[in-house]
Amino acid sequence: MRLAALFLFLSLSLAAGSAAAQGVAVTPGLGAQRTERIEAELVPMSRWAAPGSTAIVAVRQKIAPGWHTYWRNPGDSGGATTLAWTLPQGATAGDIVWPTPQRQRLLGLMNYGYSGTVYLPVPIQVPATARPGTPLTLTAEALFLVCSDQMCVPEPLTLSLVLPVAEGAAPLDPAHGAAIERTLGQAPRPAPIMARITRTEDGLSLAAAGGPLVEGAVKWAYFFPFKGGLIDHAATQAGQAGPRGLTLMLKPGRGLTPEAVAAGIEGLLQTDRGTWQVTAEPGAAPEGASGGAALADPDADSAASGGLLAADLLQAALLALAGGLVLNLMPCVFPVLAMKAASLAKGAHDPAAARRDGVLFLAGVLAAFAVLAGLLLALRAGGEAAGWGFQLQSPLATGTLALLMLAVGLNLSGVYAVGAGLQGAGSGPLARLSGGAGSFFTGVLAVVVAAPCTAPFMAAALGAALVMPWPAAMAVFLMLGLGLALPYLAVSLSPGLLRRLPKPGPWMERLRGVLAFPMYGAAAWLVWVFARQTGGEALGLLLIAVVLAGFGLWLVGVNQARRAEGGPAVLSAVSAVLALIAAFALTVIAARTPPTPAAMSEPGWASDGAVLASRPWSPQAVSAALAEGRPVLVNFTADWCVTCKINERTALSSPRLAEAMTKANAVYLVGDWTRRDDAISRELERHGRSGVPLYLVYRPGQAEPRILPQLLTEGLVIAALER
């Protein structure tokens, strides 16, 4: 052992001496890049590269426990690691040599990827014109999707390596050469295996025989297709051994077409005897591929871990329930909940009606959450960057909701009624938000109004839901809705609590009139948001639409009054319909009006001694400030986020905070998510959030920021800056 160690030491010393004699640096790496979840660097297999040769470099990933990255085919979810190269003139980079992936089962999904430390080798063709003694600088913009069982975070890192150039064969790099060489040696390669694929009544039959498969009976096997969607990755791959090979039964995926079968399916055939690249072409099974014992299931252990993943789903669901409960305390939900409280008070004398209203309110909440969640999950499945509250990034949605809030306010003010004549205005029309239809509608309205808000506990739950299979994700969203509706449902189902409510009386009519004004305020706020998203010309069109909508609803009330008196009202009814149609049409035109330069300008406040001076957020702005040794306070906000605006007008606008920022020489950056911004969406995802607000405090020398609570106080922000 000592002689072997001495020999290795002398060999490395001679190699280093040879490199030094040619002017070659022996430490080419520029260091690892780190985040909270992954450490990555570009490392060489050999100490130098010769002109005209093929050098092997590798992306070394050191992945934090509980997290993983993905193979070339990520399976049912996730995304493969990508590299965008910047190389010297004449140099070219080949494809990643992918190691055999690990199977990662998540509830009803099967993903393929890596955990722990993994090397992704890449061949680099060195130009023949490269001059010895002049190193090559290799740079790769790497994008890792790093996931746990509950969330995924995109991690873009810039990796760089200075590779020395010298004549002659180079020894292995002492730090990483052996590991890269081992990875290359174990990487799957083509083998003389005949593979055939056949459609059967039960699915797909993949039969393989010959080559290394004839050396002994195979005990288990698994097929990794290079392309996703061709097979159901999560389905069990039952198989049978044969004297010269094996047969696997695969379940077809949604992306499998006759054309794909005819072209052949490429992938890795992994067995207990080794892993090889195969191309399964259409045709009959080769001789000797079946007739033996059944193959064992290689995923038996991972399938048994479903209970642990079910526990993760339970945790996310409980967090969503808590988040929904807290959402009731957020400012944007108050108007609708106040209306329901008034409705409960009126129904205190009729417990059966109160129970019906509670259940239908819950049904409205859950239906609205299901629609929003379905849209969000569909956008995510289509590759769109969307988060909670995404619908209010659309001027059309904002303008339409402004008209809706106006309609509800006029309804409460008694201008018109829905579902009954004016003579019944006090006993059950939708306008008064009582009755079954009114309860369901108010549940829907509560979700619409709550959509701009996020609350504590919601961030983790929504972040987990967006990487779960859609049934599990939908369950998490519905639990969030249950939390929002639970207080009202509990009161409506409790006769004791109902008896404690004030008895109905004239005060309720006055209360309904008062409650109209929060709805007018919500409409005015949405008009302001619309103006911020578009500009003056579009705002003018929307204001005309508001007037037309008000006129049309007033005509509806006139029509109802005439019908209550027994008179005809055809003209006013037609006029009302035309006015409402014109109002919506103008809203659509206004939403499609191109934004003015003023509306597209970045947000911010001037420094006047009482508030903070801000700059637009960007990753480059954060890096530049940290490079200067300055702390950074980042505020991800949106004009339609009521919680954001309250925090900005209280905790983030005090003279004490401005003084603390000046004392710390800190930089204040604002990321405005009012309009769609994919860069901000990705940054929110990177920190496990699906919506705003998000507050970050960066400190020089620290890789990751501190995340502040969603409800801020002046002292909390100052303490974070001083810590």
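The values are calculated or read from the model by the stated rules, or taken from the named source; none is laboratory data. What you are looking at is a predicted structure, and each value in this text was computed from that prediction instead of being measured. Neighbour counts are summed over all protein chains in view; Cβ atoms, including those assigned to glycine, are modelled from backbone coordinates with ideal geometry. Remember, those area values only see protein heavy atoms, side chains included, never the ligands or the DNA or RNA. Shrake-Rupley method; radii C 1.70, N 1.55, O 1.52, S 1.80 Å.
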Roughly how many Å is it from the Cα centre of the stretch 362-377 to that of the stretch 124-198, as a whole number? 46 Å
At 1.4 Å probe size, put ILE581, ILE680 in order of accessible surface, largest to smallest. ILE581, ILE680
Mind checking the alpha-carbon convex hull of the stretch 60-176 and giving the volume per residue in Å³? 110 Å³
What is the set of long-range amide H partners of GLY288 at a cut-off below 5 Å, with H atoms built 1.01 Å from backbone N? none
Quick one: which residues, 5 or more positions from MET110 or on another chain, have an amide H under 5 Å from its amide H? H modelled 1.01 Å from N in the peptide plane, none for Pro or chain starts. ASP76, ALA234
Arrange the residues GLU714, GLU155, GLU141 by how much accessible surface each exposes, largest first, with a 1.4 angstrom probe. GLU141, GLU714, GLU155
Show me, for the stretch 168-174, the HN-Hα J-couplings you get by feeding each phi into the Karplus relation (A = 6.51, B = -1.76, C = 1.60, θ = phi - 60°), rounded to Hz, glycine and proline as x. x, 6, 9, x, 5, 5, x
Enumerate the amide H contacts of VAL667 below 5 Å, restricted to partners 5 or more residues apart or on another chain; note that Pro and chain-start residues carry no placed amide H. VAL632, LEU633
Let me cross-check ARG182: its accessible surface, 1.4 Å probe, with only protein heavy atoms counted, in Å² to the nearest 10? 130 Å²
FRET efficiency for ALA296 and ARG356, Cβ-Cβ distance as r, R0 = 51 Å, nearest 0.05? 0.35
So what are the ³J(HN,Hα) numbers for the stretch 531-539, from phi and the Karplus equation (6.51, -1.76, 1.60; θ = phi - 60°), rounded to whole Hz, Gly and Pro as x? 5, 5, 7, 10, x, x, 5, 5, 4
When only the heavy atoms of the protein chains count and the probe is 1.4 Å, how do THR713, THR100 rank by accessible area, highest first? THR713, THR100
Would you check the accessible area of SER614, probe 1.4 Å, heavy atoms only, in square angstrom rounded to 10? 30 Å²
Extended-chain gain in nm, criterion 0.36 nm per residue less alpha-carbon gap, ILE589 and ASN665: 22.7 nm
For SER575, solvent-accessible area (1.4 Å; no DNA, RNA or ligand), Å²: 40 Å²
Residue by residue through the stretch 288-298, which ³J(HN,Hα) values in whole Hz follow from phi under the Karplus form 6.51 cos²θ - 1.76 cosθ + 1.60 (θ = phi - 60°), with glycine and proline marked x? x, 8, 8, x, x, 6, 5, 7, 6, 8, x
